[in-house]
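S.K.: Structure below; questions to follow.
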Amino acid sequence: MKKIVCILLAVMVALIVTAGERSKVAVVLSGGGAKGMAHIGALKVIERAGIPVDIVAGTSMGSLVGGLYAIGYDAATLDSLVRVLDWTYLLTDRDDMSRQSLSDRKKRNTYFLSRGLTSGKAAESVLGVIKGRNVEMLLRRLCMGYTDSMDFNRLPIPFACVATDIADYTEVDFHSGRLPQAMRASMAIPAVFTAVRLGNKVLVDGGMRNNYPADVARQMGADIIIGIDVTTPLRTVDKLNSTIDVVQQLLDVSTKNKYDENVAMTDLHIHVDPKSYSAASFGRAAIDTLLRWGEEEAMKHWDDLMALKSRMGLSANWKPKRAGRVNPSVLTEKSRLVGVTFENMTPQDEQFLRQKFHLNHLDSIDKRDEEQMITSMRVDLFFQSATSQLVKEADGYRLILTAGNRKSTQVNVGLRFDTEEMVAMQVNASLPLNKTLLFSSDITLRLGKRIMAGGEITIHPPSFRVSRPVLSYYFYRNDIDVNFEGDREYNVLFNHHQASLEPLNFRFHNFDIRMGVRWDYYHFSNMLQSEQSRDVTFENDHYISYRAQANYNSENDWYFPSRGARFEAGYAYITDNFAKMKGSAGLSDVSANWRKSFTFGSRFTVQPMLYGRLLFGSELPHIFGNIMGGDTFGRYVEQQMPFSGIGNVEYAERHMVAVRLQAQQRMGSSHYVLVRASVAQHADELRDLFQTKTLLGGQLAYYYKTMFGPLGLTAGYANRTKVPYFYINLGYVF
């Protein structure tokens, strides 16, 4: 009898213990690039249904979404996050120039391709088109507090992600390590993103071995698996019509490894059909649609989710208590700073960073500050890579700034096509001349109808003060058609040598102020005139000028700004003998332009612009005369001013002022329609400026932002030329 009682007691205890347990639920997220946005929409429904999530496993984009979910980002926060991120910037290696000089920002918007050549040690990563620097920076920022090496089972939700060791083509499952690094390795698409070296492993996208890691979740102890899958069905024979189709098919085939077995072990398989969207569909409209499709597909499985809750012994109204939820505001909160440590940097590097960011007096820091320091290490100090880390100490955080190999050369390439000049290419190379960074140089070569070659040397004082003197020389070979009232008057072919010394050169954030002396020499080798052309004479001569230039630019986009302002003002005193021009007083050149953006709603922007150039002096060499036409300042010659409806170079009188009003409508994320109207007055005498005929012009343009620069179609008309103007261009302006 005693034995029976003991057995009954043991059974009752077992039943009580068992009743207190429930099945462990794992969410498995597949890879798929941009298609993985659908994961977030499905997670919204899982949360709405009150399904507890005990384990998360993911691959590629699934690892990014899953890793952030595991550390406390709920679905609503992730939804808001992916909508506001600038994916065009993230999926490049471009530096964040928001606090860099205007010349650096101009370079960023001139060249579509930039590559750094490293001296010293061999590169530590396998090459890909994108090094992934901006993605890495974002992951470190989003994973604040989880960037040290750790066991992923100790996260608020245990997590694992999958990568592939391309060295032996084996699967690598991350259950520990540095979370941002693991997520970055899992999404390193071969040949697109550089691989991640970790010990003797070379890690690329986990989708090549296990794109839907339900087996990993099962090994972590999952009793119930809910899978969100965005894989694309293999193409049929009739869909394999191009090389891109074949390559994409090969990638899709590789993701089918273990796929069927993993789907078979899934309790609830939510497959979102991405239809026409691909792994690269990071446009705003695509993201909105994929988020919605993920939510809609998960809602179709609502009864299945409720059935899972019942199977776990949970009521329909039961909701889990989720610990560790991330408040997005912590990403901009300041952390108390107690010290800074520099790794792999010279004393001069440390001094520069301390002075630029006031590190000796900085007592707090946020992730934005860290990002700016990393950008400065790459742009100003020429490091190929740079990282930062906040390490917790007793009374605050210590900032550790680590530099990679020093770049020996930064190479930039720009390409342009337009219906006036046809094809042009420009190559630029930036070189630090010595390890102490007392000098740096910049060399540029332009090929096309107009040829340019030259460079400049910038002196960096040991104290790294704001002013950096610049010595430059450029050679121009110009071939320009000059029109008069719409008809080509003559073509002039000439060489232009230009050397300058600017002892005062202040560059900081939105300001660029320069003062110096310049020498110009013009040699005219050929001039073809029409029978109706005016009597125009160009003389070979040299000129010495004293110049001051002030620029300000706070616009948020170089070509299509929606906020901010731009202002430029300059003065030059031009002589032919250091003091006079042909025996008389020198030529005074006064110019200025101002533009401001006013946005209504989120897509429509109005931009008024005022500009002009006034020339004072008894002698005016024809080469310095006012020129108008085109859409940008300095398109063919530095004194050229834009005017709507005039595409070719047109001479104006020595005094000219103008107003341009532009209406800009953005459609989607990359399409723009622009309407421009210009009004100008010009006269040979300033007192007659508003007595002469008013110039009027209008223009309609469409632009599409591409990786090579804007693709534009323009049509215009002006009463100066009285002929319609059509223009097609692709690429940045240079």
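The values are calculated or read from the model by the stated rules, or taken from the named source; none is laboratory data. All of these numbers come straight from a predicted model, not from anything done at the bench. Heads up, the Cβs are rebuilt from the backbone with ideal geometry, glycines too, and the neighbour counts pull from every protein chain shown. Note: areas computed on protein heavy atoms with side chains; ligands, DNA, RNA excluded. Shrake-Rupley method; radii C 1.70, N 1.55, O 1.52, S 1.80 Å.
S.K.: On the given criteria, is ARG218 outside any loop (DSSP other than H, G, I, E, B), touching a residue at least 60 places away in the same chain (Cβ under 8 Å) and farther than 27 Å from LEU85 by Cβ?
M.R.: yes
S.K.: Grab the strands (runs of 3 or more DSSP E) fully contained in the stretch 586-692, keeping just those with 2 or more residues being among the basic types (Lys, Arg).
M.R.: Correct list: 587-596, 655-667.
S.K.: Could I ask something else about it? Confirm whether ASP395 is buried (at least 17 other Cβ atoms within 10 Å of the Cβ), of a type in the set (D, E, K, R) and closer than 30 Å to MET345 by Cα.
M.R.: Here the answer is no, as ASP395 does not meet what is asked.
S.K.: Turning to a different aspect of this structure: Got at least one residue in the stretch 369-391 being more than 23 Å from the chain's Cα centre (by Cα) and open to solvent by less than 20 Å² (accessible area, probe 1.4 Å)?
M.R.: The answer is no, given that none of the residues of the stretch 369-391 is more than 23 Å from the chain's Cα centre (by Cα) and open to solvent by less than 20 Å² (accessible area, probe 1.4 Å).
S.K.: Given the criteria aliphatic (A, V, I, L, M), within 20 Å of LYS24 (Cβ to Cβ) and open to solvent by 10 Å² or more (accessible area, probe 1.4 Å), does VAL84 qualify?
M.R.: Values: aliphatic (A, V, I, L, M): yes; within 20 Å of LYS24 (Cβ to Cβ): no; open to solvent by 10 Å² or more (accessible area, probe 1.4 Å): yes.
No, not satisfied.
S.K.: PHE578 fails exactly one of the following numbered conditions: (1) open to solvent by 70 Å² or more (accessible area, probe 1.4 Å); (2) within 26 Å of PRO469 (Cβ to Cβ); (3) part of a strand (DSSP E or B). What is the number of that condition?
M.R.: It is condition (3) that PHE578 fails.
S.K.: Right, LEU689: surrounded by fewer than 19 Cβ atoms within 10 Å (Cβ to Cβ), of a type in the set (A, V, I, L, M) and at pLDDT 95 or above or not?
M.R.: Numbers: surrounded by fewer than 19 Cβ atoms within 10 Å (Cβ to Cβ): yes; of a type in the set (A, V, I, L, M): yes; at pLDDT 95 or above: no.
Criteria not met by LEU689.
S.K.: Could you pull out the residue among LYS356, LYS334 that is open to solvent by 50 Å² or more (accessible area, probe 1.4 Å) and modelled with pLDDT of 80 or more?
M.R.: From the options LYS356, LYS334, the qualifying one is LYS356.
S.K.: Go over the candidates GLY645, GLY668, GLY625, GLY601 one by one and state the one that is at pLDDT below 95 and surrounded by 20 or more Cβ atoms within 10 Å (Cβ to Cβ).
M.R.: Step by step, each of GLY645, GLY668, GLY625, GLY601 is checked, and only GLY645 is at pLDDT below 95 and surrounded by 20 or more Cβ atoms within 10 Å (Cβ to Cβ).
S.K.: Of all the residues that make up the stretch 193-219, how many are of a type in the set (A, V, I, L, M) and either open to solvent by 40 Å² or more (accessible area, probe 1.4 Å) or touching a Cys at 6+ places or on another chain (Cβ under 6 Å) (or both)?
M.R.: Summing the residues that are of a type in the set (A, V, I, L, M) and either open to solvent by 40 Å² or more (accessible area, probe 1.4 Å) or touching a Cys at 6+ places or on another chain (Cβ under 6 Å) (or both) in the stretch 193-219 gives 1.
S.K.: What pairs come up if the first residue lies in the stretch 566-594 and is under 15 Å from SER618 (Cβ atoms) and of a type in the set (Lys, Arg), the second is open to solvent by 70 Å² or more (accessible area, probe 1.4 Å) and part of a loop (DSSP other than H, G, I, E, B), and their beta carbons are under 9 Å apart, counting only those six or more places apart or on different chains?
M.R.: LYS582/SER618
S.K.: Something else: Only one of LEU447, LEU399 is more than 30 Å from LYS334 (Cα to Cα) and among the hydrophobic types (A, V, I, L, M, F, W, C); which?
M.R.: From the options LEU447, LEU399, the qualifying one is LEU447.
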